[in-house]
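Q: I have a structure here, written as structure tokens, and I will follow up with some questions on it.
The values are calculated or read from the model by the stated rules, or taken from the named source; none is laboratory data. Remember, predicted model here, so these are calculated numbers, not experimental data. Here the Cβ positions follow ideal geometry from the backbone for every residue, glycine too, while neighbour counts run over all protein chains shown. Areas reflect the complete protein model, heavy atoms only, side chains present, ligands, DNA and RNA absent. Shrake-Rupley method; radii C 1.70, N 1.55, O 1.52, S 1.80 Å.
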Amino acid sequence: MRILIVEDDERLARGMEASMSAGGFAVDVVGTGEEALDVVAAESYNAVILDLGLPDIDGLEVLQTLRRAGDATPVLILTARDAVSDRIAGLDRGADDYLSKPFHPRELESRLRALIRRSQGTADPVLRVGDLSLDRSTRVVELRRCVLDLRRREMAVLETLMGRPGKVVTKQRLNSEVFNFADAVAPNALEVYVGRLRRKLMPDGPTIRTIRGLGYMLEA
């Protein structure tokens with residue numbers, strides 16, 4: 001799951017980035033409203049964490065601009081403004097959730113996962129394909145009740161494929177959800193992670209099929 005953090009407090013932003021990366025998210029960070037609008041127009045995200053007190057454009061204006069442009073990416077407002085009127089203004093302008101500073105990193109991650117599940121049309125945190133299950137809350141993957149040891153990016157690839165079982169997931173989409181724009185990615189990095197997953201799913205798990213020229217498909 002790829003997340004954009006829009007936060008001008010560099011120390012806080014980097015702390016969130018480290019925590020969320022450890023939790024399995026691919027994270028990009030920008031510090032201004034203008035950067036946020038430019039990046040969202042060029043990249044696809046599962047959710048945006050948006051601070052209101054930005055140095056150039058107020059966060060509510062950034063949110064309003066996104067919604068007027070038809071961007072439906074889930075947005076969680078993160079701010080020190082905790083007045084009821086501020087929360088109402090954010091929600092009325094299109095925010096999906098609101099979290100006041102200070103906050104606990106685990107609560108932030110939990111709220112994000114819930115937002116993303118709702119945006120994908122499911123409330124169940126567990127993805128299942130055949131005998132394979134992935135709990136998006138605990139980040140535990142089980143195959144026939146045996147826990148699989150997956151690295152973070154292997155988990156990200158699998159989660160994206162399990163979200164669309166039996167359907168082709170393009171390489172472009174996988175790359176956009178697994179890697180952030182600061183990653184130094186080798187040309188064959190995605191193929192390496194898919195190859196590792198295939199070996200870990202054998203012989204009893206779903207099959208990852210290569211659809212030549214398009215991407216990959218997970219089949220039970």
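Q: Tell me the trypsin sites (Lys or Arg not before Pro) within segment 56-159 that lie in a loop according to DSSP and have at most 16 other beta-carbon atoms within 10 Å.
A: Taking segment 56-159 and a limit of 16 other Cβ atoms within 10 Å, the loop trypsin sites (Lys or Arg not before Pro) found are Arg139, Arg144, Arg145, Arg151.
Q: Over segment 146-220, give the accessible area per residue in Å² for a 1.4 Å probe, as an integer.
A: In whole numbers, segment 146-220 has 56 Å² accessible per residue.
Q: Moving to a separate point now. Taking the Cβ-Cβ separation of Asp183 and Gln64 as r and a Förster radius of 30 Å, what is the calculated FRET efficiency to the nearest 0.05?
A: 0.45
Q: In segment 202-220, whose amide N lies under 20 Å from the spot 7 Å out along Cα-to-Cβ of Lys171? List them in ranges.
A: Within reach of a label on Lys171: 208-219.
Q: While we're here: I'd like the per residue volume of the convex hull spanned by the Cα atoms of segment 129-220, given in cubic angstrom. Please report the intermediate quantities before stating the final value.
A: Values: hull volume 8.6 nm³, N = 92.
Measuring per residue, one finds 93 Å³ for the Cα hull of segment 129-220.
Q: Can you compute the charge dipole magnitude of the chain about its Cα centre, using +1 on each Lys and Arg Cβ and -1 on each Asp and Glu Cβ, nothing else charged? Give it in debye, rounded to the nearest 20.
A: 1360
Q: Of the accessible area of the chain, with the probe set at 1.4 angstrom, what percent is carbon plus sulfur?
A: Here it works out to 48 percent.
Q: Over the alpha-carbon set of segment 1-142, work out the extent along each principal axis and list the three values in angstrom, largest first.
A: Sorted from largest, the Cα extents of segment 1-142 read 49, 32, 32 Å.
Q: Now for a separate question. So, taking all protein chains as they sit and a 1.4 Å probe, how much accessible area belongs to Met202, in Å² rounded to tens?
A: Roll a 1.4 Å probe over it and Met202 shows about 130 Å².
Q: For Ser44 and Arg196, FRET efficiency with R0 = 30 Å and r from the beta-carbon atoms, rounded to 0.05?
A: Values: r = 24 Å, r/R0 = 0.81.
E between Arg196 and Ser44, to the nearest 0.05, is 0.80.
Q: From the residues Ile5, Leu218, Tyr193, which one has its Cα farthest along the dipole of the chain in the positive direction, the dipole being from +1 and -1 charges on Cβ of Lys/Arg and Asp/Glu about the Cα centre?
A: Most positive-ward Cα: Leu218.
Q: How much of Lys171 can a 1.4 Å solvent probe reach, expressed as accessible area in Å² and rounded to 10?
A: The accessible area comes out at roughly 80 Å².
Q: State, to one decimal in nm, how far the label point of Arg14 lies from the label point of Glu142, with both points 7 Å from Cα in the Cβ direction.
A: In this crude label model, Arg14 to Glu142 measures out at 4.0 nm.
Q: On to the next question. Which value at 222 nm does the chain reach when only helices count, each DSSP H run of 4 or more adding -39,500 (n - 2.57), with the total divided by all residues and rounded to the nearest 500 deg cm²/dmol?
A: It comes out at -12500 deg cm²/dmol, rounded to the nearest 500.
Q: Another question, if that's okay. What nm distance separates the two modelled labels at Glu219 and Thr207, each placed 7 Å from Cα along Cα→Cβ?
A: Calculated label separation equals 0.4 nm.
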